[in-house]
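Quick note: the coordinates plus some simple rules give every number you see, no bench work behind them. All figures in this text were calculated on a predicted structure; none of them were measured in a lab. Glycine gets a Cβ as well: all are built from the backbone with ideal geometry, and neighbour counts include every protein chain shown.
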Amino acid sequence: MPDLTPTVLATSRLRLRWLEEGDAAAQFAIFSDPEVTRYWSVGAWTDMAQADELIAKSLAGYQDGSSLRFGIELAGQLIGNVSLFGISEQNRRCEIGYVLGSAHWGHGYAAEALAAALEYGFGELDLNRVEADIDPRNGASARVLERLGFCKEGYMPERWVVNGETADTVFYGLLKRQWDARGVR
């Protein structure tokens, strides 16, 4: 696993930083919103312990190099997170996940944060491939991935059961050479 060190990424509007124990309340506010978790693989959070668990897993991931979750800040307020997880140093690949509080949808923050995380992953972590899986009903998420150069690579029907409802998955992938060919920095 890569040796991760505390990192801060900056974009024109956002600051991405490692999560801390004090971020649990902000994470709970995001993940307890049923709108936010509508297309997530688990239902809306109902207990603050779930936020504490996310923070603990994030801290453990930093330590063992298996995952990197950046909190997304806008004007000093934590509005979401973006994660590089399932990092395979041998295969130079990982998965990416992201979430924004619903009050911040539609402003381009997800694409901006993902681009910063991808630049870091392909550059500093020397990744060759990044993968994502989304619910095909989540058109906004699909548009963000496709705008960043991800390609649809597969489909799995009824992969998840969330709150008693089955949900499909669409898989996306992005290679470093495809990212570099975009020429956007």
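If R₀ is 22 angstrom, what is the calculated FRET efficiency for the pair ALA25 and HIS107, using the beta carbon separation as r and rounding to 0.05? The pair ALA25/HIS107 has a calculated efficiency of 0.45.
Under a model in which nothing but the beta-carbon of Lys, Arg (+1) and Asp, Glu (-1) is charged, the range 8-182 shows a dipole of about 660 debye around its Cα centre. Pairs of Cα atoms nearer than 8 Å and 6+ residues apart set the relative contact order; for the range 26-141 it is 22 percent.
Under DSSP H, which helices of the chain have Cα atoms covering 20 Å or more of the helix axis and a Kyte-Doolittle average no less than 0.0? Present the calculation step by step, with values, prior to reporting the outcome.
On the way: long enough: 48-64 (24 Å, -0.16); 109-123 (21 Å, 0.72).
Correct list, ordered by number: 109-123.
Of the Cα atoms belonging to the chain, the radius of gyration and Dmax stand at 15.6, 44 Å. Inter-label distance, GLU35 to SER12: 2.6 nm, where each label sits 7 Å from its Cα along the C-beta direction.
Mean residue ellipticity at 222 nm from the helices of the chain, using -39,500 (n - 2.57) per DSSP H segment of n ≥ 4 over the full residue count, to the nearest 500 deg cm²/dmol? Write down the numbers at each step before the final one.
Details: 5 runs with 56 residues, N = 185.
Helices in the chain give a 222 nm mean residue ellipticity of -9000 deg cm²/dmol.
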